[in-house]
Amino acid sequence: MATSCLLCESAGLRVCYSSPATGSVTSDCKPWPKTFDTLLCPKCGHLQKSSDADAVKKVNSVYVNYELYHLSSGGEQFIFQPGAEGPKTRSGLLLEKLAAHVNLGPRGRMLDIGCGNGATLSAFGRLRPAWALAGFEQSESIRSRILSVPGVTDFWSGSLEAIQGSFDLITLVHVLEHVSRPIPFLAEVRKLLAPDGILLIQVPDVADNPFDMLVADHYSHFSPEILEAFVRPLGFEPVSGVRGWIAKEITLALRHGSPREKAWPTGEELKRSSARFDRNAEWLRALLAQAERHARESRFGVFGTAIAGTWLGAAMGARLAFFVDEDERRVGKEHLGRPVIHPRQLGNGDAVYLAFPPELAARIRERLAPGSPATFIVPPLREAATA
């Protein structure tokens, strides 16, 4: 177990949630058979996992066969929005929102740290084709793929110290939660940001999305107030932070600022935050029990093949009959040995569990249930899970 908090370096972390014996999930949507504890810092309220040598070794083993978006053949996750003409990629939607809030200018240099398969670079290149783009990733193996993205002129791997020059925009899209030493990491990133540059951070919102607690290779589980309190002392000033840009995510756009004294939640605010995480942990246990009951009674499927759906589907084992997904690239394939079908392929007697935060699950049911022969199951309210 980690001896000190990843953010405030306090000792005395307590266990907030222990993953079930059925195992957990990785961020590339694969079952993870090992168990682990999610820890809460009593001083600053940050939710995290251990970063000791044994934990780092386990996390690193996740990346040996890491395959981002493997069910959609590397194609980025789609975001389905009510009233929209069609789905958008997550990076495309995120960068459109950024451009609407921040003046990016017609030309500049952009660096995507943790560039993965190049989805964010491709999306930004379409948005600002005159910018010079660069990518950074731990592995050198993706060099040729990233350099083939239109507009990309540079690629670096290994250490951030290898990166040359400064950048008008640096993106950390679902990266910071994977970093075992976030303080020195962001200090290095700050050196790369041009004086008037923008740093865009997006991480899962564990306060809104308890499923993030289940991800084996996430060291940090950020809430909005904790993330903002963390970046200010490092010399960043938020210019835009909107939870609602993309459901279940926290987005911060940052500029250079004067380092401020750390101001973590205290007193009643800290108590409320700690109680919320305990409530979310209990909700995960209640959700699993509810799904197990329905799986015994019906032909049972899980909606979604991402993190939450993968975790729940693996936990159901032989009782799981199918997955449901609206992404046509995934329909017709298999996930965990089960067929992936479209909602229009559901039949009478099918029960589909919506593994999402209750409010989002209710909206999905409202959209899909009319005219469908299947039953869509919404998780319990979080308050009801602890009643």
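Readers should treat all values here as calculations from the given coordinates under stated rules, not as data from a laboratory. Note that the coordinates shown come from a computational prediction; the quantities given were computed from them, not determined experimentally. Cβ placement follows ideal geometry from the backbone for every residue including glycine, while neighbour counts extend to all protein chains displayed.
By the Cβ distance rule (another cysteine Cβ under 4.7 Å), the unpaired cysteines of the chain are C16, C29, C115.
Where only DSSP H runs of four or more residues are counted, the chain gives -8500 deg cm²/dmol as its mean residue ellipticity at 222 nm, each run worth -39500 (n - 2.57). Full extension of the chain segment joining E225 with T22 gains 69.9 nm, where the gain is 0.36 nm per residue of separation less the Cα-Cα distance. Highest mean packing first, where packing is the average number of other Cβ atoms within 10 Å per residue, the peptides 265-271, 248-254, 223-229 line up as 248-254, 223-229, 265-271. For region 266-387, the dipole from Cβ point charges (+1 on Lys and Arg, -1 on Asp and Glu) about the Cα centre works out to 160 debye, to the nearest 20.
Spatially, region 42-67 and region 300-325 are offset by 25 Å when compared through their Cα centroids. Can you tell me the relative contact order of region 70-256? Whole percent, Cα pairs under 8 Å, sequence separation 6 or more. Reported relative contact order: 16 percent.
Taking label positions 7 Å along the Cα-Cβ direction at both D52 and R293, the computed distance is 3.8 nm, reported to one decimal. Report the net charge of residues surrounding S50, where surrounding means a beta-carbon distance below 12 angstrom and charges are Lys +1, Arg +1, Asp -1, Glu -1. Taking every Cβ under 12 Å from that of S50, the sum is 0.
Sorting the segments 109-117, 255-263, 287-295 by their residues' average number of neighbouring beta-carbon atoms within 10 angstrom, most packed first, yields 109-117, 287-295, 255-263. The mean sequence separation of alpha-carbon pairs under 8 Å and at least six residues apart, normalised by the residue count of the chain, gives a relative contact order of 14 percent. At what distance in nm do the modelled label points of N60 and S148 sit from each other, each positioned 7 Å from its Cα along Cα→Cβ? So the two model labels end up 3.0 nm from each other.
Checking the Cα-Cα distances for K30/K57; K49/K271; K49/K262; K34/K333; K34/K88 against a 24 Å cut-off, the pairs over it are K34/K333; K34/K88.
Extension gain for Q345-A99 works out to 84.7 nm (0.36 nm per residue, less the C-alpha to C-alpha distance). Compared with the dominant Cα axis of the chain, that is its longest principal axis, helix 90-101 is turned about 50°. When percent of Cα pairs over 30 Å apart is calculated directly from the model, which label among (1) 31; (2) 40; (3) 52 fits? Of the labelled values, this structure produces (2).
Taking label points 7 Å from Cα along the Cα-to-Cβ direction, E268 and V239 give a separation of 3.6 nm. Net charge of the neighbourhood of A216, taken over other residues with C-beta under 12 Å away and scored Lys/Arg +1, Asp/Glu -1, is -1. Note that region 206-311, at 37 °C in a medium of 0.692 mPa s, gets a Stokes-Einstein diffusion coefficient of 202 µm²/s from its Kirkwood radius over C-alpha pairs. The slack in the chain from A187 to E282, taken as 0.36 nm per residue of separation less the alpha-carbon distance, amounts to 30.6 nm. Taking only the C-alpha atoms of region 104-244, the Rg (one decimal) and the largest Cα-Cα distance, Dmax (whole number), read 15.0, 41 Å. Here the dipole of the chain is about 320 debye; that uses its Cα centre as origin and unit charges on the Cβ of Lys and Arg (positive) and Asp and Glu (negative).
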